[in-house]
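A.B. asks: Following this message is one structure expressed as structure tokens.
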Amino acid sequence: MRTAPTASKRHLWVALALTIGAAPAKAGTIEVTIEKLVFSPASIEAKVGDTIEWVNKDVFAHTATVKGGWEAMIPPKKAASLTLKTAGSVDYFCRFHPNMKGHLTVASP
Amino acid sequence: MFIRSTTALAALFLLSAAPLAQAADKPTDPQIAHIAYTAGVLDVEAAKQALEKSKNKEVVDFAKDMVRDHEAVNKQALDLVKKLKLTPEDNATSKALTEAAAEERAQLAKLDGAAFDKAYVANEVAYHKQVNAALKTLLIPSAENAELKSLLETGLKLFQGHEQHAEHVAGKLK
């Protein structure tokens, strides 16, 4: 008598879990480490709504700058983040040290 | 600026001219530490002169970046020599760099406005190029301590960034 409702409840949970899994993935945070003047990973794939968090392990200030676009200032030994608003493929660099380069591929939500 | 570059370059070549030089011609770790530290101090001094003289925002921002970065890397260098119980040793290259920088500062002191800005930034390009060449071909290969070598490698990446940054500012001043 008691097992029946429990079993059907379980099925309901499984169904619910599958529904959530099938829906578009929730926006997440992607971490990029900066160490010894290198963005790593250098190239990342994200989607609109995702947040990029740059964690700066250097004692130097850096930026993540898109020419003619956005810029994140990343102080020494600190992190900075930015939420992606537009889809597309962009190169970014550090304005203070233009030899530091990264790439972002941002998919539509 | 040409005087400074030529003298300093000649000094750096003194150490690097003979590829098959005997061990005695290779700078030692205490000398390498002294050269790298001196190169940083001299660039901070050049930047401070620019901060006093320039009114151009790009130039002032660049000079502030130089002070901040070179002071930060030199602080790391001081912490490292302390940790390694290494006493930086003055040498001909450090002396030549210091003399050349003094000459350059005297030349720049005579200039004002846009002429100063252009000369300062052009010299920053030349100076970083020259220090980077020395790091790459002489100082890094000669360094024996692994931590010192690693700091010099980070320094090279940092100064290569400065060289490109200076080239960018120079392009904007044209």
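A.B. asks: Identify the residue in region A:82-109 that is within 21 Å of A:Phe60 (Cβ to Cβ) and of a type in the set (Lys, Arg) and, among all such residues, is farthest from the other protein chains (Cβ to nearest Cβ).
C.D. replies: A:Lys101
A.B. asks: Follow-up. Kindly provide the set of residues from region B:131-153 that are within 13 Å of B:Thr93 (Cβ to Cβ) and touching an Asp or Glu at 6+ places or on another chain (Cβ under 9 Å), ordered by number.
C.D. replies: B:Val131, B:Leu135, B:Ser142
A.B. asks: Give the residues of region B:124-160 that are over 14 Å from B:Leu80 (Cβ atoms) and of a type in the set (Asp, Glu), sorted by residue number.
C.D. replies: Scanning region B:124-160 gives a single hit, B:Glu124.
A.B. asks: So, in region B:67-78, exactly how many residues are more than 10 Å from chain A (Cβ to nearest Cβ), surrounded by 15 or more Cβ atoms within 10 Å (Cβ to Cβ) and touching a residue at least 40 places away in the same chain (Cβ under 8 Å)?
C.D. replies: Of the residues in that region, 1 qualify.
A.B. asks: Another one. Is it the case that some residue within region B:145-166 is in contact with a helix residue (DSSP H, G or I) (Cβ under 7 Å, 6 or more places away or on another chain), away from chain A (no Cβ under 14 Å) and either of a type outside the set (A, V, I, L, M) or surrounded by fewer than 21 Cβ atoms within 10 Å (Cβ to Cβ) (or both)?
C.D. replies: In the first step, residues of region B:145-166 are kept if they are in contact with a helix residue (DSSP H, G or I) (Cβ under 7 Å, 6 or more places away or on another chain); the result is B:145, B:147-149, B:151-153, B:155-156, B:158-160, B:162-163, B:165-166.
Subset that is away from chain A (no Cβ under 14 Å): B:145, B:148.
Checking which are either of a type outside the set (A, V, I, L, M) or surrounded by fewer than 21 Cβ atoms within 10 Å (Cβ to Cβ) (or both) leaves us with B:145.
Yes: one or more hits.
A.B. asks: Inside region B:79-102, can you point out the residues that are of a type outside the set (A, V, I, L, M) and crowded, with 16+ Cβ neighbours inside 10 Å? Walk me through how you get there before you give the answer.
C.D. replies: First, the residues of region B:79-102 that are of a type outside the set (A, V, I, L, M): B:79, B:82-83, B:85, B:87-91, B:93-95, B:98-99.
Hits for region B:79-102 are B:Pro88, B:Asn91, B:Thr93, B:Ser94, B:Thr98.
A.B. asks: Here are B:Val121, B:Val125: which of them is β-branched (Val, Ile, Thr), buried (at least 23 other Cβ atoms within 10 Å of the Cβ) and within 19 Å of A:Phe96 (Cα to Cα)? Walk me through how you get there before you give the answer.
C.D. replies: Working: B:Val125 fails: buried (at least 23 other Cβ atoms within 10 Å of the Cβ).
After ruling out the rest, the residue left standing is B:Val121.
A.B. asks: Right, another one. Out of all the residues in region A:42-81, which are charged (D, E, K, R) and within 14 Å of another protein chain (Cβ to nearest Cβ)?
C.D. replies: Step one: list which residues in region A:42-81 are charged (D, E, K, R), which gives A:45, A:47, A:50, A:53, A:57-58, A:67, A:71, A:77-78.
Those that are charged (D, E, K, R) and within 14 Å of another protein chain (Cβ to nearest Cβ): A:Lys57, A:Asp58, A:Lys67, A:Glu71, A:Lys77, A:Lys78.
A.B. asks: So which of B:Arg4, B:Arg68 ends up being modelled with pLDDT under 95 and basic (Lys, Arg)?
C.D. replies: Working: B:Arg68 fails: modelled with pLDDT under 95.
The match here is B:Arg4.
A.B. asks: Assuming B:Phe159 fulfils every condition listed in (1) closer than 22 Å to B:Lys57 by Cα; (2) not in a helix (DSSP H, G or I); (3) not small (Gly, Ala, Ser) apart from one, which condition is it?
C.D. replies: All conditions pass for B:Phe159, except number (2).
A.B. asks: Name the residues in region B:112-156 that are free of Cβ contacts under 8 Å to residues at least 40 places away in the same chain and more than 28 Å from B:Val81 (Cα to Cα), would you?
C.D. replies: Within region B:112-156, just B:Ala115 meets the criteria.
A.B. asks: Another question, if that's okay. Quick check, is B:Ala63 at pLDDT 95 or above and within 14 Å of chain A (Cβ to nearest Cβ)?
C.D. replies: On the way: at pLDDT 95 or above: yes; within 14 Å of chain A (Cβ to nearest Cβ): yes.
Spelling it out, B:Ala63 is indeed at pLDDT 95 or above and within 14 Å of chain A (Cβ to nearest Cβ).
A.B. asks: Then there's this: State whether the residues of region B:44-59 include one that is closer than 24 Å to B:Ala170 by Cβ and within 13 Å of chain A (Cβ to nearest Cβ).
C.D. replies: Step one: list which residues in region B:44-59 are closer than 24 Å to B:Ala170 by Cβ, which gives B:44-59.
When the remaining residues are screened for being within 13 Å of chain A (Cβ to nearest Cβ), the result is B:58.
Scanning region B:44-59, I find at least one residue that is closer than 24 Å to B:Ala170 by Cβ and within 13 Å of chain A (Cβ to nearest Cβ), so the answer is yes.
A.B. asks: Can you find a residue that is over 22 Å from B:Gln49 (Cβ atoms), within 12 Å of the chain's Cα centre (by Cα) and part of a helix (DSSP H, G or I) anywhere in region B:139-150?
C.D. replies: No, every residue in region B:139-150 fails to be over 22 Å from B:Gln49 (Cβ atoms), within 12 Å of the chain's Cα centre (by Cα) and part of a helix (DSSP H, G or I).
The values are calculated or read from the model by the stated rules, or taken from the named source; none is laboratory data. The structure displayed is predicted, hence computed values, not measured ones. Using ideal geometry, Cβ is built from the backbone for each residue, glycine included, and neighbour counts are taken over all protein chains shown.
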